[in-house]
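Student: Before I ask anything, let me first share the structure, which is written out below as structure tokens.
The values are calculated or read from the model by the stated rules, or taken from the named source; none is laboratory data. In this text the structure is predicted, and so the values were computed from the model without any measurement. A quick note on method: Cβ atoms are made from the backbone with ideal geometry, for glycine too, and the neighbour counts reach across all protein chains shown. These area figures cover heavy atoms from the full protein model, side chains too; ligands, DNA and RNA do not enter into them. Shrake-Rupley method; radii C 1.70, N 1.55, O 1.52, S 1.80 Å.
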Amino acid sequence: MSFDHQKIEEKWAKKWRESGVYKVDLKKAKKKFYNLMMFPYPSAEGLHVGNMYAFTGADLYGRFKAMQGNEVFEPIGLDGFGIHSENYAIKIGKHPAEQAKISEKRYYGQLERIGNRFNWDNRLETYDPEYYKWTQWLFIQMFKQGLAYRKKSLVNWCPSCKTVLADEQVEGGVCERCKQETEKKETYQWFFKITDYADRLLNNIEKIDWPKKIKIAQRNWIGKSKGLSIDFKVEGVKKPITVWTKFWETVFGTTYLVLAPEHWAVKELSFNVPLSNRRKFMEKIQEALIKTEQQRLKGAGDKDGFFTGSYAINPVNNKKVPIWIADYVLKDVGTGAVMGVPAHDERDFAFVKKYKKLDIIQVVSYQDKKIDKKVKDQEIAFEGEGKLVNSGEFDGMDAWGEGKEKMAKWMIDKNMAKWETTYHLRDWCISRQRYWGPPIPMMECEKCGWVPEKEENLPVKLPMVKDYKPTGDGKSPLEKASKDWLETKCSKCGGKARRETDVSDTFLDSAWYFLRYPSVKNEKQVFDKELTKKWLPVDAYIGGAEHAVLHLMYSRFVTMALKDWGYLDFEEPFPFLYGHGLIIKDGAKMSKSRGNVVIPDEYIDKYGVDALRMYLMFIGPYDHGGDFKDTGMIGMKKFLERVWRLVEKPGKVKNEKQLRKLQHKTVKIVTKAMEKLRYNVGIARLMEYVNGLQEMGADKEALESLMLMLAPVAPYVAEEIWSKLGGKFSVHQQAWPKYDEVLAKGEKVTVVVQVNGKLRGRLEVGRDEAEDKEKMVAVAKKDERVGKFVKGKKVVKEVFVKGRLVNLVVK
Ligand SMILES: [Zn+2]
Ligand SMILES: [Zn+2]
């Protein structure tokens, strides 16, 4: 007594396709729900179970929302342009355009098998000219609005990918795509002025429903920080050297300045170096310049520096301080100039100890006598709180309180310094010297300079070039395109012009795709006005969001800009974001190099999609992920077989009242679990339900409710059994079961309350309540018997054991 999963899958997949159960009339829909999973890019291995995990969890939510009466739009497409796909094509020696077709077919084929309710009619691929024509349109709008500009600057260069990268794509000095160390290179690049939106990107974080971790990552990336810019005059140099610091209260302890080798003043200072030494001086600078950022930061313990021979004047006390150059100071950090305060900064202290030529002046004294003595004796640097000393009129004040405040006011009043807010966020370097991307739709005219292509001429098609490999000379492979493509007429004056040969960053392709999904069939407009108004913003965005800081930042920026230009009437594209966990295998993230990538196909063949979906959703809380085991599906397949047998032989109902109670209680708990995407909890309850039904016997109502709750996670088996029970096609178009509060009230359980580990009370509460930490802690605090022991004290810790115990630790 079992079922043939393959037969069932084929049968229902066909029926769903033909009857269009998952189709949604975008124009007519009344209660819309835009359910979106993060844009997949076909990896070398095709779809692996990690991807399937992401999509299945998102699909469960969409199916649940549909059964709750929403018209759900769940589109899918491919992010197929970009270095990732291109590197793979190069590796296997295929032209990226050719490989894209192969990957597309394979990927869509796999996606069709995983049982999701995708709206296939609205799919899009980023390398489709019908799509990238609008990516180029977006670039042109940025240019027209003054948000795209071309500038010579020092940018990240990946010697392995042979292209520049945005700051965001370099993590700890390493290329995010290929994990090679990056270098710095000075070239002309196109940038988007995302920094204009820094404050809005930051302030809006308050308004969106996102996981805390991801909000923090966004805030950190923007990195807003308020400090003082202090001017140090230098003899023989017109402009003062400006230092930016958050720790100005130690400015009296400055004993030297240190500049990045790239700092603008370095050249002028070199004239102060005696001729005999100048050559050596220039050589040292060159040495520092060719080091990678990572090498420079690595050297933090053993910093390389040298004296310039020049002095600056500390404005607060007119003391002469020597100017040094050191490679640990990065040009992009702050102003590229740092005040050295060795008594109160460990990095500066190590530098001074190495060269032994610089003074150490203590300007904060500490209450802890041992520490204070060590600072005085120049044995350590200390960065803690204390009282100001050696700081003129500020002596005796709290360094981090009054002293800091008054000193700032004084320096500003005397024109030595001014407030300045800095950001970690930089403008988005958008050009890539690669082949596989949308050509940047700009041209350079001999007369007019840089002008955009006319919008009616879009797309600027990516030409087929035979030699598509990156060259590494700083130029795009499109330099080898035919003259017909390279040479064009200026869109402004009609004169001779030459096309830009860089392509745009793949992050631009994925920064707006969700805005296009509803409008993919509109060839004339980027956004169908009516559909956009109706369907956007996205209702639920589900993905592995921890690694998507950049994608989310860029998407938010593009959406805000489009709103400002009047194309959209909202500025946050994803008001609700859910971050799922990661599926690992043998304790590590799946990757080809580790050889632990699991392809779902063989498991689908062997156990069926439903068993695999159930297993993945049961593996752990959806926001935690879990460890994939080959044998995991067996239990799920057995469970589905048990359900099958239960329906064939439901047994006689022994006590109908008991049965209804169990049914309503289960519906209540599963509903709540689905609402919070706690799928493992929901599935566990369904298992208990099946146990219960086997014991008590089941009637049609009980079995129907089981099928309805099983439908999101096991769509095929649920559909088959639903039809066996005589249900109307399709189970996926039925309403989610309702529950009666009274019937659903479960049995009471006792939760013990302790204060500082001592028994102080017992609470009789419902079973769900007993599992809710927040609720139980609140109830415990309000309890009369417990209250006595908490009153007037501070609760420093709340220990909670689900369904059993609350322990309040008070002081
Ligand atoms: Zn790289
Ligand atoms: Zn012109």
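Student: Please compare each pair in K27/K461; K654/K700; K466/K489; K162/K184 to a cut-off of 20 Å on the Cα-Cα distance and tell me which ones are over it.
Tutor: Violating the 20 Å limit, Cα to Cα: K27/K461; K466/K489.
Student: Further question on the same structure: Ignoring ligands, DNA and RNA, how do R785, R685, R613, R767 rank by accessible area with a 1.4 Å probe, largest first?
Tutor: So, going from the largest accessible area down, we get R785, R767, R685, R613.
Student: So, one more: For region 467-511, what mean projected area does the convex hull of the alpha carbons give, in nm²?
Tutor: 4.5
Student: Rg(Cα) of region 61-175 divided by 2.2 N^0.38 Å?
Tutor: Cα Rg divided by the expected 2.2 N^0.38 Å: 1.41.
Student: Find, among the trypsin sites (Lys or Arg not before Pro) in region 162-205, those assigned to loop by DSSP (not H, G, I, E, B) with at most 14 other beta-carbon atoms within 10 angstrom.
Tutor: Values: sites: K162, R177, K179, K184, K185, K193, R200; in loops: K162, R177, K179, K193.
Of the trypsin sites (Lys or Arg not before Pro), the ones in loops of region 162-205 whose Cβ has at most 14 other Cβ atoms within 10 Å are K179.
Student: Would you work out the charge dipole size for the chain about its Cα centre, treating the Cβ of every Lys and Arg as +1 and the Cβ of every Asp and Glu as -1, and quote it to the nearest 20 debye?
Tutor: It works out to roughly 1280 debye.
Student: Send over a whole-number figure in Å² for the accessible area per residue of the chain, probe 1.4 Å.
Tutor: Counting only protein heavy atoms, the per-residue value for the chain is 46 Å².
Student: Solvent-accessible area of I619, probe 1.4 Å, all protein chains present, reported in Å² to the nearest ten, please.
Tutor: Approximately 40 Å² for this residue.
Student: Mind checking which aspartates and glutamates have their C-alpha under 18 Å from K404, skipping anything on the same chain fewer than 8 residues away?
Tutor: Straight-distance partners of K404: D231, E249, D345, E383, E385, E393, D395, D413, E420.
Student: Greater than 31 Å separation of Cα atoms is the criterion. Which listed pairs, K215/K414; K94/K447; K7/K105; K30/K101; K233/K406; K7/K91, meet it?
Tutor: The answer is K215/K414; K94/K447; K30/K101; K7/K91.
Student: In addition: State the volume of the convex hull built on the alpha-carbon positions of region 403-535, expressed per residue in Å³ and rounded to an integer. Could the numbers behind the result be given before it?
Tutor: Details: hull volume 33.7 nm³, N = 133.
About 253 Å³ per residue, rounded to a whole number.
Student: Now, a different point. Given a cut-off of under 8 Å on Cα pairs at least six residues apart, what relative contact order in percent is computed for region 422-535? Provide the component values of the computation, followed by the final result.
Tutor: Numbers: 164 pairs, mean separation 34.7, N = 114.
Dividing the mean separation by the residue count of region 422-535 yields 30 percent.
Student: Which of the GluC sites (Glu not before Pro) across region 172-259 are loop residues per DSSP, with 14 or fewer other Cβ within 10 Å?
Tutor: Taking region 172-259 and a limit of 14 other Cβ atoms within 10 Å, the loop GluC sites (Glu not before Pro) found are E235.
Student: Determine the sum of side-chain charges near P459: Lys and Arg each +1, Asp and Glu each -1, restricted to other residues whose C-beta is under 15 angstrom from that of P459.
Tutor: Within the 15 Å Cβ shell, the charges total -3.
Student: How far is the Cα center of region 2-65 from the Cα center of region 391-455, in Å?
Tutor: Taking the Cα centre of region 391-455 as reference, the centre of region 2-65 is 45 Å away.
Student: Relative contact order, percent, of region 615-718 when contacts are C-alpha pairs under 8 Å separated by at least 6 residues?
Tutor: 35
Student: Modelling each spin label as a point 7 Å along the Cα-to-Cβ direction, I'd like the L743/E383 distance in nm, to one decimal.
Tutor: A separation of 6.3 nm, rounded to one decimal place.
Student: Based on Cα positions only, what radius of gyration and what Dmax would you give for region 187-233, in angstroms?
Tutor: 15.0, 49
Student: Apply the Karplus curve 6.51 cos²θ - 1.76 cosθ + 1.60, θ = phi - 60°, to the phi angles in region 429-443 and return the couplings in whole Hz, x for Gly and Pro.
Tutor: Those phi angles translate into 6, 9, 8, 10, 8, 10, 8, 7, x, x, x, 5, x, 10, 9 Hz.
Student: With everything on Cα atoms, drop me the angle between helix 715-724 and the longest principal axis of the chain, reported from 0 to 90° to the nearest 10.
Tutor: That helix lies at roughly 10 degrees to the long axis.
Student: Would you mind checking which residues have amide H under 5 Å from L582's amide H? H placed 1.01 Å from N; only 5 or more apart, or other chain.
Tutor: Residues meeting the criterion, in which the H sits 1.01 Å from N, are G625, G626.
Student: What dipole magnitude, in Debye to the nearest 20, does region 61-133 give about its Cα centre under +1 on Lys/Arg Cβ and -1 on Asp/Glu Cβ?
Tutor: Here region 61-133 has a charge dipole of around 300 debye.
Student: OK, next. I'm checking a number: the convex hull volume of the Cα atoms of the chain, normalised per residue, in Å³. What is it?
Tutor: Spread over its residues, the Cα hull of the chain gives 213 Å³ apiece.
Student: What's log10 of I(q)/I(0) for region 733-774 at q = 0.17, 0.26, 0.29, 0.32 Å⁻¹, Debye sum over Cα points only, no solvent?
Tutor: For region 733-774, the Cα-only Debye profile gives -0.61, -0.94, -1.02, -1.08.
Student: For region 1-52, max minus min Cα coordinate along each principal axis, in Å, sorted largest first?
Tutor: Computed over region 1-52, the largest-to-smallest principal extents equal 43, 34, 18 Å.
Student: Separation between the K589 and N691 pseudo-spin-labels, each 7 Å from Cα along Cα→Cβ, expressed in nm?
Tutor: For K589 paired with N691, the spin-label model returns 3.7 nm.
Student: Of all beta bridges DSSP finds with both residues in the chain, what is the antiparallel percent, to the nearest 5?
Tutor: About 80 percent, rounded to the nearest 5.
Student: First obtain the Kirkwood hydrodynamic radius of region 587-655 from its Cα pairs, then insert it into the Stokes-Einstein equation at 10 °C and 1.306 mPa s, and state the resulting D in µm² per second as a whole number.
Tutor: Using the Kirkwood radius from Cα pairs, D works out to 113 µm²/s.
Student: Remind me, relative contact order of the chain in percent, using alpha carbon pairs under 8 angstrom and six or more residues apart?
Tutor: 14
Student: At 20 °C and a viscosity of 1.002 mPa s, what translational diffusion coefficient does Stokes-Einstein give for region 496-644, taking Rh as the Kirkwood radius over Cα pairs? Give it in µm²/s as a whole number.
Tutor: Roughly 113 µm²/s, to the nearest whole number.
Student: Taking the square root of 5 times each eigenvalue of the Cα gyration tensor, what semi-axes in Å does the equivalent ellipsoid of region 155-221 have, largest first?
Tutor: They are 28, 16, 7 Å, listed largest first.
Student: On to the next question. List the extent of the Cα atoms of region 425-490 along each of their three principal axes, largest first, rounded to whole Å.
Tutor: The principal-axis extents, from largest down, are 38, 30, 22 Å.
Student: If the cut-off is a Cα-Cα distance under 12 Å, which aspartates and glutamates reach K728, setting aside same-chain residues fewer than 8 apart in sequence?
Tutor: Within the straight-line cut-off, K728 pairs with E704, E719, E720.
Student: Which whole-number value in Å³ per residue fits the convex hull of the alpha carbons of region 685-811?
Tutor: Roughly 137 Å³ of hull volume per residue.
Student: Additional query: Cα-based Rg (one decimal) and Dmax (whole number) for region 630-717, in Å?
Tutor: Rg and Dmax of region 630-717, Cα atoms, are 12.7, 41 Å.
Student: Roughly speaking, to the nearest percent, how much of the chain's 1.4 Å accessible area is carbon and sulfur? Don't skip to the answer; put the middle values down first.
Tutor: Working: 18590 of 37700 Å².
Carbon and sulfur atoms account for 49 percent of the accessible area of the chain.
Student: With all distinct Cα pairs included, what does the Kirkwood hydrodynamic radius of region 137-278 come out to in Å, to one decimal, could you say?
Tutor: 19.3
Student: Then there is this: Could you size up the charge dipole of region 664-714 around its Cα centre, putting +1 on the beta carbon of Lys and Arg and -1 on that of Asp and Glu, and report it in debye to the nearest 20?
Tutor: Roughly 300 debye for region 664-714.
Student: Would you kindly work out the equivalent ellipsoid of region 508-595 from its C-alpha gyration tensor and give its semi-axes, the square roots of five times the eigenvalues, largest first in whole Å?
Tutor: Working: eigenvalues 195, 38, 28 Å².
The answer is 31, 14, 12 Å, longest axis first.
Student: Once every DSSP H run of n ≥ 4 in the chain is given -39500 (n - 2.57) and the sum is divided by its residues, what mean residue ellipticity at 222 nm do you get, rounded to the nearest 500 deg cm²/dmol?
Tutor: -11000 deg cm²/dmol
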